[in-house]
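Before any comments, here is the structure.
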Amino acid sequence: MNHGLIAAMTEAGETAESLAAQTGVDPKTAQRWVSRGRIPRPLARSRVAAILGKDVKDLWPDVLKRREPSWFRPWAEIEREALALRGFELAWVPGLLQTEAYARATLAMESLTTQEVDELTTARIERQSILRRARPPLFVAVMDEAVLRRPANSDRSVMHEQCLHILACAELNSVQVHVVPLNTPLYPGMGGPFAMAEMPDGTRVAHIDAQVRAQIIEDRGEVGTLEQRWARIVGEALPRTQSINLIREAAASWT
């Protein structure tokens, strides 16, 4: 239990229901905040801290311990809360399916110190623990075949191991992987990658990662547009078994 939050609520005369009303969330969602490790989204977190007259770090000290870069942290927190996650990738293996070697390769091109690469790689790998917890979210990943065909670096074994890792993840009951084949004509996924999450209170949010910054989409109309785009992308992807066979063939091609 989050005893610091409970004490602050008692001191301020607030309950989960009153906090829910003031922050615009479902009472069940607010009730989960008192559980250790259940952290509100950044905006709700700031509102709760203001209502209780406390600093965020006093109520949720674990926020400061997390390794994700600040610009990505809000989405990482959403991933931890979500009941279901869906994501499309045009150029990269989804972060939740990356090996350590592949993750390092994606960061090698950036102007980062060795320590920064180590920290970001660790953060990315730690995110994957949600797929193997007692009650994992359903994770549906769709990627363009180009992701499997592009070398990560000069070491071909990196892609071989990465493809095998995707196959291993696809064996989990909560993970589905689909591939859009290279011979597919132009399709909606060419517009870029995105991810969507279904939260315990039924709301749906999306994440778009661009060259300069990442953006979380909460507007229902914009999320609806991405839902339609997702449906069209999935329509172009191979069924699960065929996708697995293609990934297995790609793995063999890197030996």
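The values are calculated or read from the model by the stated rules, or taken from the named source; none is laboratory data. Just so you know, these numbers come straight off a predicted model, no measurement behind them. Neighbour counts are summed over all protein chains in view; Cβ atoms, including those assigned to glycine, are modelled from backbone coordinates with ideal geometry. Ligands, DNA and RNA are stripped out before the accessible areas are found, and what is left, the full protein with its side chains, is counted by its heavy atoms. Shrake-Rupley method; radii C 1.70, N 1.55, O 1.52, S 1.80 Å.
Collect the residues in region 79-88 that are surrounded by fewer than 21 Cβ atoms within 10 Å (Cβ to Cβ) and in a loop (DSSP other than H, G, I, E, B), keeping them in residue-number order.
The answer is LEU83, and nothing else.
Could you list, in sequence order, all residues of region 126-159 that are in a helix (DSSP H, G or I), under 12 Å from SER253 (Cα atoms) and open to solvent by 50 Å² or more (accessible area, probe 1.4 Å)?
Correct list: ARG149, ARG156.
Which condition number in (1) touching a Gly at 6+ places or on another chain (Cβ under 6 Å); (2) farther than 24 Å from ALA76 by Cβ is the one that ASN245 fails?
Tallying (1) touching a Gly at 6+ places or on another chain (Cβ under 6 Å); (2) farther than 24 Å from ALA76 by Cβ, ASN245 fails exactly one: (1).
Just to be sure I understand the filter: pairs with C-beta atoms under 7 Å, separated by 6 or more residues or on different chains, first member in region 111-134 and polar (S, T, N, Q), second member open to solvent by 60 Å² or more (accessible area, probe 1.4 Å) and not in a helix (DSSP H, G or I). Which pairs pass?
Between residues of region 111-134 that are polar (S, T, N, Q) and residues that are open to solvent by 60 Å² or more (accessible area, probe 1.4 Å) and not in a helix (DSSP H, G or I), the close pairs are THR122/ARG67.
Cβ-Cβ distance below 7 Å, separation of 6 or more or different chains: which pairs start in region 228-255 with a residue that is closer than 20 Å to GLY189 by Cβ and end on one that is open to solvent by 50 Å² or more (accessible area, probe 1.4 Å)?
Pairs that qualify, where the first residue is closer than 20 Å to GLY189 by Cβ and the partner is open to solvent by 50 Å² or more (accessible area, probe 1.4 Å), are TRP230/ARG86; ARG240/GLN176; ALA250/ARG149.
For the condition under 20 Å from the mean Cα position of the chain (by Cα), on the phi < 0 side of the Ramachandran plot and exposed (fewer than 14 other Cβ atoms within 10 Å of the Cβ), what is the one hit in GLU198, GLU218?
Values: GLU198 fails: exposed (fewer than 14 other Cβ atoms within 10 Å of the Cβ).
Exactly one residue qualifies, and that residue is GLU218.
Could you check how many residues of region 70-116 are farther than 26 Å from ILE39 by Cβ and among the aromatic types (Phe, Trp, Tyr)?
Qualifying residue count for the region: 3.
Within region 172-194, which residues are in a strand (DSSP E or B), open to solvent by less than 20 Å² (accessible area, probe 1.4 Å) and either touching an Asp or Glu at 6+ places or on another chain (Cβ under 8 Å) or more than 17 Å from ARG80 (Cβ to Cβ) (or both)? Before the answer, list the steps.
Filtering region 172-194 for residues in a strand (DSSP E or B) gives 175-180, 194.
Among the residues that remain, those that are also open to solvent by less than 20 Å² (accessible area, probe 1.4 Å) are: 175, 177, 179-180, 194.
Passing the criteria: VAL177, VAL179, VAL180, PHE194.
ALA206 - would you say it is assigned to a helix (DSSP H, G or I) and either touching a residue at least 12 places away in the same chain (Cβ under 8 Å) or over 16 Å from the mean Cα position of the chain (by Cα) (or both)? Walk me through it before giving the result.
Details: assigned to a helix (DSSP H, G or I): no; either touching a residue at least 12 places away in the same chain (Cβ under 8 Å) or over 16 Å from the mean Cα position of the chain (by Cα) (or both): yes.
Criteria not met by ALA206.
For region 49-68, which positions are loosely packed, with under 14 Cβ neighbours inside 10 Å and either part of a loop (DSSP other than H, G, I, E, B) or at pLDDT 85 or above (or both)?
Answer for region 49-68, where residues must be loosely packed, with under 14 Cβ neighbours inside 10 Å and either part of a loop (DSSP other than H, G, I, E, B) or at pLDDT 85 or above (or both): ALA50, GLY53, ASP55.
With the requirement that a residue be open to solvent by 70 Å² or more (accessible area, probe 1.4 Å), outside any loop (DSSP other than H, G, I, E, B) and among the hydrophobic types (A, V, I, L, M, F, W, C), what does region 89-125 give you?
As a first pass, look at region 89-125 and keep what is open to solvent by 70 Å² or more (accessible area, probe 1.4 Å): 92, 100, 104, 108-111, 113-116, 119.
Of the ones still in play, those that are also outside any loop (DSSP other than H, G, I, E, B) are 100, 104, 108, 114-116, 119.
Selection gives ALA108 alone.
So ASP209 ticks every box in (1) farther than 21 Å from PHE72 by Cα; (2) open to solvent by 50 Å² or more (accessible area, probe 1.4 Å) but one. Which box is left unticked?
(1)
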